[in-house]
Every structure is written in C-alpha cells, then in structure tokens.
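Student: The structure under discussion is supplied below as structure tokens; questions concerning it will follow.
Nothing in this text is a laboratory measurement; each read-out follows from the coordinates by a stated rule. On a predicted model such as this, the values are computed, not experimentally measured, just so you know. Neighbour counts are summed over all protein chains in view; Cβ atoms, including those assigned to glycine, are modelled from backbone coordinates with ideal geometry.
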C-alpha cells in the first residue's frame, strides 16, 4: 500500500468515528487537523475536541487509534490532541453545517 492509499484508508476510518453527542463524524466536525503517514506505515493524527471539558476526551482519540491500527499493514499509530488553534464551528465541513442546521 502506498503512503497516499494508507492515508486515504486512515481517513475512511476516521470518518467512521462519531462524536457521541453530535450526529456528525469527527472529520466533518473539523476535529482532525492533520493525518500523516511516515516510513514503515506509521500514522500520526493531530486532532482537537469541541472543548477541553469534552466528555469524550479519552474515548474519541482511542477509537480513532484503534480503527487505524486495525488497517492491515499499519505500523505504529499516534493520535495527539491539541487545543491550538481552539476549535470553532467554522472548522466544520459544509456537510456537517447542513446536518446540524447551521446552513
């Protein structure tokens, strides 16, 4: 699998993770800042949460990590949570805004 194919598969898995309080996947919510693939199929994800007090602060990063780790051929998976820049609704995709009634 090429780096791009692995990145695409990782993004597919990320899009299958939903915030339990919001019926939109974490990618369309704008919570994913970066997905990178490094040598030996290691995957790095930089993400944020809707707020530092998010009740899913432990479960969402772990679910993302587990889903990517399940992709055949993936090496190490590292999911890092940051609050810089802070999350805002402007980070949502148009699909998410439409789904949540912001458009």
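Student: Go through the range 66-95 residue by residue and tally those that are in a helix (DSSP H, G or I), in contact with a strand residue (DSSP E or B) (Cβ under 8 Å, 6 or more places away or on another chain) and buried (at least 17 other Cβ atoms within 10 Å of the Cβ). Full working, then the answer.
Tutor: Residues of the range 66-95 that are in a helix (DSSP H, G or I), as a first pass: 66-69, 89-91, 94-95.
Retained after the next criterion (residues that are in contact with a strand residue (DSSP E or B) (Cβ under 8 Å, 6 or more places away or on another chain)): 68-69.
Among the residues that remain, those that are also buried (at least 17 other Cβ atoms within 10 Å of the Cβ) are: 68.
So the answer is 1.
Student: Considering each residue of the range 2-18, count those that are in contact with a helix residue (DSSP H, G or I) (Cβ under 7 Å, 6 or more places away or on another chain) and assigned to a loop (DSSP other than H, G, I, E, B), and give that number.
Tutor: Taking the range 2-18 and keeping what is in contact with a helix residue (DSSP H, G or I) (Cβ under 7 Å, 6 or more places away or on another chain), we get 6, 10, 13-14, 16-17.
Adding the requirement that they be assigned to a loop (DSSP other than H, G, I, E, B) leaves 16-17.
Number satisfying all stated conditions: 2.
Student: For the range 37-56, what are the residues that are closer than 24 Å to residue 9 by Cβ and either loosely packed, with under 14 Cβ neighbours inside 10 Å or touching a strand residue (DSSP E or B) at 6+ places or on another chain (Cβ under 8 Å) (or both)? If you could, list the steps in order and put the result at the bottom.
Tutor: Step one: of the range 37-56, the residues closer than 24 Å to residue 9 by Cβ are 37-49, 56.
Hits for the range 37-56 are 37, 38, 39, 40, 42, 43, 44, 45, 46, 47, 48, 49.
Student: Among the residues of the range 57-65, is any touching a strand residue (DSSP E or B) at 6+ places or on another chain (Cβ under 7 Å) and either free of Cβ contacts under 8 Å to residues at least 24 places away in the same chain or farther than 20 Å from residue 16 by Cβ (or both)?
Tutor: Let us first name the residues in the range 57-65 that are touching a strand residue (DSSP E or B) at 6+ places or on another chain (Cβ under 7 Å), namely 61, 64-65.
Still in the running and either free of Cβ contacts under 8 Å to residues at least 24 places away in the same chain or farther than 20 Å from residue 16 by Cβ (or both): 61, 65.
Yes, the conditions are met somewhere in the range 57-65.
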